[in-house]
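J.: Here it is, the structure in full.
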Amino acid sequence: EGPVSGNVLLRRAQHQALDREDKALALAKAFVGAKVRNAKAVLQRALREREGSGLLRQAVEAQEAVLTYLSQARTLEEVRGLEGQAAAAYFSAFGDMILAPGFSFQGRVKRPPRDPVNALLSFLYTLLVADAVAALEGVGLDPQVGYLHALRPGRPALALDLVEEFRAWWADRLALTLLNRRQLEAKHFVERPGGAVLLTEEGRREVIVAYQKRKQEEITHPLFKEPVPVGLLPHLQARLLARHLRGDLPGYPAFWVR
């Protein structure tokens with residue numbers, strides 16, 4: 001009962017799409033295409049402010065190359081490989097976007113995060129995934145059954161797919177704002193025995209307040225052509241995904257900033 005019971009016919013269509021290679025591939029491409037375009041937009045914005053950064057320029061070119069290859073990809077493995085290449089190039093330049101003294105970034109480290117920047121990114125991604133799970137359940141989709149992310153017990157694969165659209169321009173940009181405006185400082189992080197770095201309770205509060213504030217800001221949705229609160233985007237995209245899976249939309253229009 002409850003949200004998991006959802007819409008039986010929609011869930012059936014969701015599972016059938018997973019078994020249809022062409023449909024699963026098209027969805028994976030849509031998620032990755034949006035992710036890469038949004039990452040490129042974040043990099044270009046930083047490049048306008050730091051024109052001399054060769055790393056940023058190379059990362060932008062890498063995103064463009066991935067988009068070209070993505071259109072020709074024929075298997076899920078190819079799509080996942082391209083997503084990995086784009087992410088590696090993006091994070092190789094991420095440190096160049098951090099202007100606050102005392103914070104450095106040598107690369108993405110997840111489990112556990114070993115530095116404040118990775119701790120902040122991981123926490124923001126956790127908030128995003130929770131919002132994506134709620135959005136998918138709200139429209140009757142199963143958050144566990146995704147297309148880009150492989151299925152594993154207890155893993156919200158579809159929520160992780162959906163979050164790819166929002167990582168760079170929502171979570172990463174918010175992280176950069178919090179650091180570069182000095183809203184977060186060294187005192188907001190703590191190192192645990194074993195080397196894991198986490199936000200302190202005060203640090204988490206700061207991030208959650210900023211995250212909720214960001215959700216209230218408005219952005220023009222490229223499909224609806226009208227301003228919508230950022231916090232509503234996961235729900236709008238979940239609805240569009242449900243419409244596509246039901247057969248009401250020929251393709252899934254993943255979200256990317258224009």
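The values are calculated or read from the model by the stated rules, or taken from the named source; none is laboratory data. All values derive from a computational prediction rather than experimental measurement. Methodologically, a virtual Cβ is constructed for each residue, glycine included, from the backbone with ideal geometry; neighbour enumeration extends over all protein chains shown.
J.: Among (1) outside any strand (DSSP E or B); (2) in contact (Cβ under 8 Å) with a residue 24 or more places away in the chain; (3) under 20 Å from Ala41 (Cα atoms), which single condition is Lys225 missing?
T.: All conditions pass for Lys225, except number (2).
J.: Specify the residue that is nearest to Ala39 (Cα to Cα); the eligible residues are those in the stretch 149-167 that are among the hydrophobic types (A, V, I, L, M, F, W, C) and at pLDDT 95 or above.
T.: Result: Phe166.
J.: Exactly one condition in (1) within 12 Å of the chain's Cα centre (by Cα); (2) buried (at least 23 other Cβ atoms within 10 Å of the Cβ) is not met by Leu148; state its number.
T.: (1)
J.: For the stretch 34-75, which positions are within 20 Å of the chain's Cα centre (by Cα), modelled with pLDDT under 95 and of a type in the set (A, V, I, L, M, F, W, C)?
T.: Hits for the stretch 34-75 are Ala46, Leu56.
J.: Inside the stretch 230-256, can you point out the residues that are more than 16 Å from Ala134 (Cα to Cα), within 17 Å of the chain's Cα centre (by Cα) and surrounded by fewer than 18 Cβ atoms within 10 Å (Cβ to Cβ)?
T.: Pro253
J.: Report, ordered by the first and then the second residue, all pairs with beta carbons closer than 7 Å, sequence separation of six or more or different chains, a first member in the stretch 149-169 that is on the phi < 0 side of the Ramachandran plot, and a second member that is outside any helix (DSSP H, G or I) and hydroxyl-bearing (Ser, Thr, Tyr).
T.: Pairs that qualify, where the first residue is on the phi < 0 side of the Ramachandran plot and the partner is outside any helix (DSSP H, G or I) and hydroxyl-bearing (Ser, Thr, Tyr), are Asp161/Tyr147.
J.: On the basis of being touching a His at 6+ places or on another chain (Cβ under 8 Å) and surrounded by fewer than 20 Cβ atoms within 10 Å (Cβ to Cβ), does Arg155 make the cut?
T.: Against the criterion (touching a His at 6+ places or on another chain (Cβ under 8 Å) and surrounded by fewer than 20 Cβ atoms within 10 Å (Cβ to Cβ)), Arg155 qualifies.
J.: Going by what's in this entry, would Val209 be described as out of contact with any Asp or Glu (no Cβ under 6 Å at 6 or more places or on another chain) and surrounded by fewer than 16 Cβ atoms within 10 Å (Cβ to Cβ)?
T.: When the stated conditions are applied, Val209 passes them.
J.: Still on this structure, please answer the following. Just a yes or no: is a residue in the stretch 118-138 touching a strand residue (DSSP E or B) at 6+ places or on another chain (Cβ under 8 Å), surrounded by 21 or more Cβ atoms within 10 Å (Cβ to Cβ), assigned to a loop (DSSP other than H, G, I, E, B) and in contact (Cβ under 8 Å) with a residue 12 or more places away in the chain?
T.: no
Here's the yes/no breakdown for (1) in contact (Cβ under 8 Å) with a residue 24 or more places away in the chain; (2) within 15 Å of Ala175 (Cα to Cα); (3) among the small types (Gly, Ala, Ser):
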residue: Leu56; (1), (2), (3): yes, no, no
residue: Ala59; (1), (2), (3): yes, no, yes
residue: Ala62; (1), (2), (3): yes, no, yes
residue: Ala65; (1), (2), (3): no, no, yes
residue: Gly84; (1), (2), (3): no, no, yes
residue: Phe94; (1), (2), (3): yes, yes, no
residue: Leu99; (1), (2), (3): yes, yes, no
residue: Pro112; (1), (2), (3): yes, no, no
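J.: Name the residue, out of Phe91, Phe105, that is in a loop (DSSP other than H, G, I, E, B) and crowded, with 17+ Cβ neighbours inside 10 Å.
T.: Of Phe91, Phe105, the one residue that is in a loop (DSSP other than H, G, I, E, B) and crowded, with 17+ Cβ neighbours inside 10 Å is Phe105.
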